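Below is one structure; the comments refer to it alone.
The values are calculated or read from the model by the stated rules, or taken from the named source; none is laboratory data. Note that the structure is predicted; figures quoted are calculated from it, not measured. Note that we place each Cβ from the backbone using ideal geometry, even for glycine, and neighbour counts take in every protein chain shown. Just so you know, the surface numbers come from the protein's heavy atoms only, side chains and all, with ligands and any DNA or RNA stripped out. Shrake-Rupley method; radii C 1.70, N 1.55, O 1.52, S 1.80 Å.
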Amino acid sequence: MLLFILGVVIILIGVALSIALHEIGHLVPAKLFGVKVTQYMIGFGRTLFSVKRGETEYGIKAIPLGGYISMIGMFPPGKEGGAGRNATTGFMQAMVQDARTASAETVMVGEEDRTFYRLAVWKRVIIMFGGPFMNLVIATVLFGVILMGFGTPQNSTTIGTVSQCMLPATSSSQTCGSNAPEGPAAAAGLKPGDTIVSIGGKTITSWAQSTAIIRESADRPLTVVLRRDGQERTVVLTPKTNTVAKTDAGGQVVKSADGSTETLTVGFVGIGPVQQLVPQPITSVLPAVGAQTGAVVGVIVHLPQRMVEVWNAAFGSGQRDPNGPISLVGIGRAAGELTALDGVPVIDKVYTMLGILASLNVALFVFNLIPLLPLDGGHIAGALWEGFRRTMAKLFKRRDPGPVDMAKLMPLTMAVVVVLGGMSVLLMYADIVKPINLFG
């Protein structure tokens, strides 16, 4: 139980740091561009701790589900000559603030030029993009540590499993019956932990190489040199003809159009590899971040369908998709289960925990760029639209249309908040009653 709690605490600290750095991504450029920032807060609700430095209050709040910075004049006044209003980058705060009410009280005399909405479009884009960009940087650094420091799991030339019998891929049985023929590897005396040195006189440098030779040598004796306990020994191994599942380049089982497993008739001996972490070059980091970003984009594009699947799983007999959306509750639960696993080396637990945090930051990066208020992407879209309008007006020698009145979108913003809140509640409920099983 203590290990489970430790895992939850570790992941919560990681999430809190990710949020804190996200808001720093907003805070730093805002201050550089002269915008008055009145608050930098991690969490929402009641303030637990705060300290004021200069004109900015820095603090931690009771509900650790996000964060925000508060800038004056985030939205333009309702009419010419009016004052701006105070608003935040955190959607929970933006939801409860009226777009106009506090304008006269928050923008003091002489501070009109320090409001957010008066900044040049490119400066506003930088401020709002700064938060998601920080999550992208965090994810890139974590993927760098994972890939270059630990590596990626790859099949080694060491045998991890030896099948005691031969079962075709079309067999529904998963155990060896009394009539099942003995596995060729077991008959030849191969054991888990043996390292394949050569097959038929060919030096083996990869598991794929040994698999290719075995599959092409059905019913033909092969001389295999093994290394066991530091000593080499030679055995004669005869692959038998068997039906096996077809796999792709990534090792995944290939399915036909009707969902059945595609099969091949090849030479078979009944051995499986030990996987080991192989450090990767720096050139592998950005492609890994890109692949994870694409996966998150895919989840978001199909989010309505995914949420229906979550609903069916939570309130019916459906199963949770391990690659589907998950709440902070689910992430914490997964982290707790990971640290509580018996027989798993600490290095593997650290590797997996870093992977969870890296994937989470990619998700924060992508999700915050959705072009809807109150998300950062909504503010970016509004700034870009304003830039487009003003450019067109200048090009056609028309009157400057002025800043876009983002306050008019507050009804839509509140609707988005309600939808996001509902999805969050559903995900948290599903993660409690039918959690995703990530570790078997």
Here are some residues: Ile146, Ile214, Ile159. Which one is farther than 30 Å from Ser359 by Cα, open to solvent by less than 60 Å² (accessible area, probe 1.4 Å), part of a helix (DSSP H, G or I) and at pLDDT 90 or above?
-> Ile214
Of the residues Val285, Val296, which is within 15 Å of the chain's Cα centre (by Cα), surrounded by 14 or more Cβ atoms within 10 Å (Cβ to Cβ), within 23 Å of Ala20 (Cα to Cα) and touching a residue at least 24 places away in the same chain (Cβ under 8 Å)?
-> Val296
Flag for Ala383 being at pLDDT below 90 and more than 22 Å from the chain's Cα centre (by Cα) = no
List the pairs whose first member sits in the stretch 206-220 and is of a type in the set (Asp, Glu), whose second member is open to solvent by less than 30 Å² (accessible area, probe 1.4 Å), and whose Cβ atoms are under 8 Å apart, counting only residues at least 6 apart or on separate chains?
-> Glu216/Val266; Glu216/Gly267; Asp219/Pro239; Asp219/Gly267
Can you give me the number of residues within the stretch 250-282 that are within 30 Å of Thr238 (Cβ to Cβ), aliphatic (A, V, I, L, M), open to solvent by 50 Å² or more (accessible area, probe 1.4 Å) and modelled with pLDDT of 85 or more?
-> 1
Can you work out which of the residues in the stretch 22-45 that are modelled with pLDDT under 90 and not aromatic (Phe, Trp, Tyr) is surrounded by the fewest Cβ atoms within 10 Å (Cβ to Cβ)?
-> Gly45
State which residue is modelled with the highest pLDDT when the search covers only the stretch 318-349 and only residues that are among the β-branched types (Val, Ile, Thr), more than 24 Å from Val297 (Cα to Cα) and open to solvent by less than 60 Å² (accessible area, probe 1.4 Å).
-> Thr339
So how many residues does the stretch 387-414 have that are open to solvent by 50 Å² or more (accessible area, probe 1.4 Å), part of a helix (DSSP H, G or I) and of a type outside the set (S, T, N, Q)?
-> 11
